[in-house]
Each structure stands twice: as structure tokens, then as C-alpha cells.
1. Which residue, chosen from 249, 282, 204, occupies the Cα position most advanced towards the positive end of the dipole of the chain, where the dipole is computed from +1 (Lys, Arg) and -1 (Asp, Glu) charges on Cβ about the Cα centre?
2. Take every DSSP beta bridge with both residues inside the stretch 1-102 and express the antiparallel ones as a percent of the total, to the nearest 5.
3. Report, for the chain, the % of DSSP beta bridges that are antiparallel, rounded to 5.
4. If you find the alpha carbon centre of the stretch 37-67 and of the stretch 113-134, how far apart are they in angstrom?
5. Where does each of 202-215, 236-249 land if you order them by average Cβ count within 10 Å, highest first?
6. Which percent of Cα pairs goes in each bin when the distances of the stretch 103-167 are cut into 10 angstrom slices starting at zero?
7. As an exercise, identify the trypsin sites (Lys or Arg not before Pro) in the stretch 116-179 lying in DSSP coil whose Cβ has no more than 12 other Cβ atoms within 10 Å.
8. Short version: ³J(HN,Hα) in whole Hz for each residue of the stretch 219-228, in order, from phi by Karplus 6.51 cos²θ - 1.76 cosθ + 1.60 (θ = phi - 60°), x for Gly and Pro, what are they?
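Please treat every number below as a calculation from the coordinates, not as lab data. From a predicted model like this one, the values you see are computed outputs, not experimental measurements. Every residue, glycine as well, gets a Cβ built from its backbone with ideal geometry; the counts of neighbours run over all protein chains shown.
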Amino acid sequence: MTEHLIDLHTHSTASDGTLAPGDLPPAAAAAGLAVIALTDHDTTAGWAAAAAALPPGLTLVPGAELSCKWYAADPPISLHLLAYLFDPAEAGLRDALRAVRESRLTRAERIVDLLRADGVAITWDQVLAYAAGGTVGRPHIARALVAAGLAPDVSGAFASEWLGPRYRVHKADLDVFDAIRLVRQAGGVTVFAHPKAARRGRIVPDSLIAELAAAGLTGLEADHADHSPAERSAVRGLAAELGLLVTGSSDFHGTNKTVRLGDNATTTTETYERLVASATGTRPITAPGDRSSSAP
Ligand SMILES: [Zn+2]
Ligand SMILES: [Zn+2]
């Protein structure tokens, strides 16, 4: 089996990346990728533009990164599920994603209100403009803070008090068990994104990951910029124990983060093929007439 460079976690302007979905495939090809998954937060809005921009030799895996919570924890713990190859028209998942997007919008508006009440000179229109019609997220508020001269760059804005606890507003994320069930119902597969990234916030215990595996989770993302070497090997060990697939991805966000396309893209061709074989909702996409194969 020939090994290909496979990157199963990227964002476009349909959520909080800085490359348009139509600009992502050419950039992926230039980075030497054979397969790229588009996994914008809680939306499939970028799928069509990305599919239309596929160069020969590149396969697109349509996906999304779902904002989830483990509500049984007190307080609930946030987690991200990568969902691949689901049917975007399936009503259960489609409606759930819409509800999460609406909640993101309300939350972002509330954060801007809180900042303005403290005299921070940013506006809601400005944040909406940065989101450019895509899913609104905190990186768009971060860019407004940079433009207002309150932070040197987006990561500086995230490290500042302006996106700190005082201005934290919760959104109505999907219950993680519901998310797995809805994605399966739509014919898709799920991979737990950066499950051990303690630097991003509280993480769930291994016992919960075992429950998720029993509920139908397919894989764990081991290689990710936010995982230390120890965290990566802990994920690999747990996946082996639970019989889950292991992926590695860039979580590319364009200039909103420092990672490049293809960074940490360690997913093997065999794992990719097993993910595709487990999904029935939709197929990987190649350019019309591209016979280089949809499964590399
Ligand atoms: Zn994530
Ligand atoms: Zn991501």
C-alpha cells in the first residue's frame, strides 16, 4: 500500500480559518497532500466550493468539527468531535448543527456587548465582517481586538484578558453522546479531536472516552499541535486498548494559527481507508475525470 499525505482536520472561512473553501484545495495540493478533509466548526457551508476547486490527484473528505459537551461532568466539559462523510441533508444532524450555529452567534454578540460595556472599541458589524458569512467564532472577535490595537495578533488576543474568564459566555453545544448518535444516523463516522489537549482547557477522563467508544466513536486524533509527545503516546495507548483508529492532523486555520497544511498529518492510508469504509452518508470527492482514485 502506497503511503499518501492525508490531512483530516482543516478550517476555511466557512468557520474560523482564513482561506476561502475554494482556496484550500489548491493550497493542499501545493503542500503535497493527497487527501484533505474540510472540517469547519458546526457547518458544511464550505463543502461545495471546496469540491468545485479540487485539482487532479487530490481527494476531499467532507466533514465538520462539532462543538460538543460532556454534560454529565460538573461543570460540563467542552470537547470537539470530527465528523466525516455524513449526509448533510439528514434532518437530525442538520437541525442540531443549525442550533449550535445560532447559539454561537448569540454568544459572540453577548461577548462583544460585554467588551463594549467595558469601553472596548469594537463593533458587532466588524466581527460579522471578519466572519464573512461563515460560522462566527472567538477568532473573529480576536481579529477585532487586534484591529483596535488591544492585542499584537490573534494568538495574543486569545492570551489577553479580553478573551479571558471575564468575557467567557457559554454556547449550547451538542451533548457528545447525541452527536455520535446523530452522525451515525447520518451515515458518518466520528473522531475525537485533540482529546488530551490539556492546554486548551479541562479534558475528559479515559473512562468517558471508553464510553464514547462503546457509543460508536471510531477514532482518536493523536498527533495535533496542541498535544505534547506524552499526550500523543497516551492517546495511542488508549486507542489500542479501546480498538479505535488513530489519526494525526494539522487543524489548519490559515493565518489565524501558526500550523501549516500537512503538519502532524500522520494518518495512514490504511486508517483512511477504514474510515471511508465505515461511512455510508457520502463519499470522498475527486475532480471530475480524475482517475487517480477516490481512495488513494
Ligand atoms: Zn478543535
Ligand atoms: Zn479544528
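1. Value computed over the given set: 204.
2. Values: 8 of 15 bridges.
Taking every DSSP beta bridge with both residues in the stretch 1-102, the antiparallel ones total about 55 percent.
3. 45 percent
4. Using only Cα atoms, the two centres lie 27 Å from each other.
5. 236-249, 202-215
6. 25, 62, 14
7. Passing both the DSSP loop test and the Cβ count: 168.
8. Listing the rounded values in order: x, 10, 8, 8, 8, 7, 4, 8, 9, 6 Hz.
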